[in-house]
């Protein structure tokens, strides 16, 4: 059985509406917190999860959710007619990064599902209000979710002024260089644009960094570091660089994804990871248009940007 | 015994959805539970498709009835006239028959259906309950996210609590001398009943130990890790220092069942392969069967004369097993 694609949807109240909309497409199944799914308790396509606070291996944050999430995915996927898509709603205490980490690192989940994309939702009115009230933009887990998302869906974009919407957009682009920002109220968005993205395998996708970082983001808020080089990398130094990246910065790493051309290899090597987990990825279905370049996207908090860039540059093959 | 152990094909049938559970009763009848809530006894449908239901467990509950647990906590009991119990406490996490009472766990609470359908709710204080295993008619072991507890279900009293967080599998040997607990951090804890605070830890697994089973006559303990089967032997001098390891699957093992009356065991994997092992020689399986969908359930008949297997496509196979010499 081929792994079933999983879309993780996270955010506020809008996330529930979006997750159910995606899951209500034919062949969809929704997994989410029990208190969010209680409006349809007997629907076999809605499978509740209760994060188990006690199930904690010392030092491991993902164990809080892992066992319950694994059981829910098994129930959803091991069927005579498996679903075509699983939607996991990360809400409340189940932050998106923990959900993604569980999906990527658990051996049973790796066999059953394949992470397709993370979709974060933002309420434009709420965010604009917080900006103008000098309140924190979001909780730490909320910022982390926005930072790793592959799509950011902004709701109620028409309910704020263009200036406020611009501020919202600036914050989002400063937080996330990967995800297109979509405002359905302004430009129609279909479910298909949020699914079948396969964003976590293959080469990282990213857009240009904003000219200026939003002043609303502090030094410890998530940032994106993009490492690019046109030259092939030395195999041993590249591997050492990745090992040290994970070993030294695991607690601060929210997402890492790369496509590197290594000397002696005919095809690029792909990898992805979250926190302390990193794994080899698969080549993209449509090929890699930029295969000559090596590029790694690192998203995390308090990352030593200059050190990462310098070490990556040092991994290039000596001329 | 001069014949080699033989495994012969006997019968096959289909249920509408993935096989969730298989269970033999004392009269050699096989219960098969389908993910859509249907149940079949020896191939004959009993409960047909619970609307909106997603079955997660099922078992015999007495000589003439069986029960299916749905994901929303509903129980459907077949007792000639099927009825649906009201959803209890939400989210079924474990289901078992103690011999006199039906035990169903919902998160941190355990509901006990005794004689005459009288019901009481017990709080084992084990965290989220993951496994319930009867030790005696009124005494059970409960494995949960925070601890393993031993509960007297007639009084609801928690007799013993062993602080063992992250339990994901619990198994009791047939002689009820030991309780094995598989944990999230890749270890198996062996607790001696009556001296539960003093146990033995078997380590070395790369991931959570979700499948464990005692062999016949408590000669050892089986556990699986990815595609590997491990057997820890218990001898006069105690537990072996290292387990016997065998690899005969090319995909992750998804099911494990040890025969309670013969030195045989069965494993099934995500690619559909079923292997039968002789515990006297773990070098290679003595028999295997190739399938095309994930094996979801395995069950040995109580006398060891038959093995049933279920797959995610709803196929149920039953083989006759005749124990002989192991080659």
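The values are calculated or read from the model by the stated rules, or taken from the named source; none is laboratory data. Source: prediction; values computed, not measured. Please note: Cβ atoms are built from the backbone with ideal geometry, for glycine as well, and neighbour counts cover all protein chains shown.
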Requested in this report: Say whether the condition of being in contact (Cβ under 8 Å) with a residue 40 or more places away in the chain, away from chain A (no Cβ under 14 Å) and surrounded by fewer than 23 Cβ atoms within 10 Å (Cβ to Cβ) is met by at least one residue in region B:42-60.
Outcome: yes
Report summary line: With the first residue restricted to region A:76-89 and required to be touching a residue at least 60 places away in the same chain (Cβ under 8 Å) and within 12 Å of chain B (Cβ to nearest Cβ), and the second required to be part of a loop (DSSP other than H, G, I, E, B) and crowded, with 21+ Cβ neighbours inside 10 Å, Cβ contacts under 6 Å at 6 or more apart or on different chains are none
Query raised in the report: Looking at region B:274-310, which of the residues that are within 14 Å of another protein chain (Cβ to nearest Cβ) and surrounded by 21 or more Cβ atoms within 10 Å (Cβ to Cβ) is farthest from the chain's Cα centre (by Cα)?
Result: B:294
Requested in this report: Among the strands (runs of 3 or more DSSP E) lying completely within region A:247-312, list those that include at least 3 residues that are surrounded by 21 or more Cβ atoms within 10 Å (Cβ to Cβ) and modelled with pLDDT of 85 or more.
Outcome: A:253-260, A:269-274, A:294-300
Requested in this report: Filter region A:148-190 for residues that are part of a loop (DSSP other than H, G, I, E, B), in contact with a helix residue (DSSP H, G or I) (Cβ under 7 Å, 6 or more places away or on another chain) and over 30 Å from residue A:202 (Cβ atoms) and give the result.
Outcome: A:156, A:160, A:185
Query raised in the report: For region B:205-232, what are the residues that are at pLDDT below 90, on the phi < 0 side of the Ramachandran plot and away from chain A (no Cβ under 14 Å)?
Result: B:216, B:219
Requested in this report: Check region A:246-261 and report whether any residue there is within 21 Å of residue A:202 (Cβ to Cβ) and over 22 Å from the mean Cα position of the chain (by Cα).
Outcome: yes
Report task. Would you be able to say whether some residue in region B:194-204 is closer than 16 Å to residue B:256 by Cβ, in contact (Cβ under 8 Å) with a residue 12 or more places away in the chain and within 14 Å of chain A (Cβ to nearest Cβ)? Result -> no
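Mind listing just one residue for me: the one in region A:22-38 that is touching a helix residue (DSSP H, G or I) at 6+ places or on another chain (Cβ under 7 Å) and modelled with pLDDT under 90 and, of those, surrounded by the most Cβ atoms within 10 Å (Cβ to Cβ)?
Step one: list which residues in region A:22-38 are touching a helix residue (DSSP H, G or I) at 6+ places or on another chain (Cβ under 7 Å), which gives A:22, A:25, A:28-32, A:36.
Pick out the ones that are also modelled with pLDDT under 90 and you get A:25, A:32, A:36.
Values: A:25: 13, A:32: 25, A:36: 20.
Per the stated criteria, the residue is A:32.
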Report task. Identify the residue in region A:220-243 that is under 21 Å from the mean Cα position of the chain (by Cα) and in a loop (DSSP other than H, G, I, E, B) and, among all such residues, is surrounded by the most Cβ atoms within 10 Å (Cβ to Cβ). Result -> A:222
Query - Filter pass, residue B:70 being within 20 Å of the chain's Cα centre (by Cα), within 11 Å of another protein chain (Cβ to nearest Cβ), under 24 Å from residue B:128 (Cα atoms) and modelled with pLDDT under 90 - result: yes
Report summary line: Taking region A:91-125 and keeping residues crowded, with 19+ Cβ neighbours inside 10 Å, away from chain B (no Cβ under 14 Å) and over 15 Å from residue A:200 (Cβ atoms) leaves A:91, A:94, A:95, A:98, A:121, A:122, A:123, A:124
Query raised in the report: Could you say which residue among B:267, B:254 is within 14 Å of chain A (Cβ to nearest Cβ), within 17 Å of the chain's Cα centre (by Cα), surrounded by 22 or more Cβ atoms within 10 Å (Cβ to Cβ) and under 19 Å from residue B:22 (Cβ atoms)?
Result: B:254
Query raised in the report: Out of all the residues in region A:39-61, which are in contact with a helix residue (DSSP H, G or I) (Cβ under 7 Å, 6 or more places away or on another chain) and either more than 10 Å from chain B (Cβ to nearest Cβ) or modelled with pLDDT of 90 or more (or both)?
Result: A:61
Report summary line: Apart from one, (1) modelled with pLDDT under 90; (2) surrounded by 23 or more Cβ atoms within 10 Å (Cβ to Cβ) all hold for residue B:33; the odd one out is (1)
Query raised in the report: If we scan region A:126-141, do we find a residue that is in contact with a strand residue (DSSP E or B) (Cβ under 7 Å, 6 or more places away or on another chain) and modelled with pLDDT of 85 or more?
Result: no
**Report entry** Candidates B:220, B:199, B:238, filtered to the one that is touching a strand residue (DSSP E or B) at 6+ places or on another chain (Cβ under 9 Å) and closer than 30 Å to residue B:19 by Cβ
**Finding:** B:220
**Report entry** Qualifying positions in region B:107-129 - buried (at least 21 other Cβ atoms within 10 Å of the Cβ) and either in contact (Cβ under 8 Å) with a residue 60 or more places away in the chain or within 14 Å of chain A (Cβ to nearest Cβ) (or both)
**Finding:** B:124, B:126, B:127, B:128, B:129
Report summary line: When region B:130-181 is checked residue by residue, the ones that are modelled with pLDDT under 90, over 23 Å from residue B:224 (Cα atoms), crowded, with 22+ Cβ neighbours inside 10 Å and within 14 Å of chain A (Cβ to nearest Cβ) are none
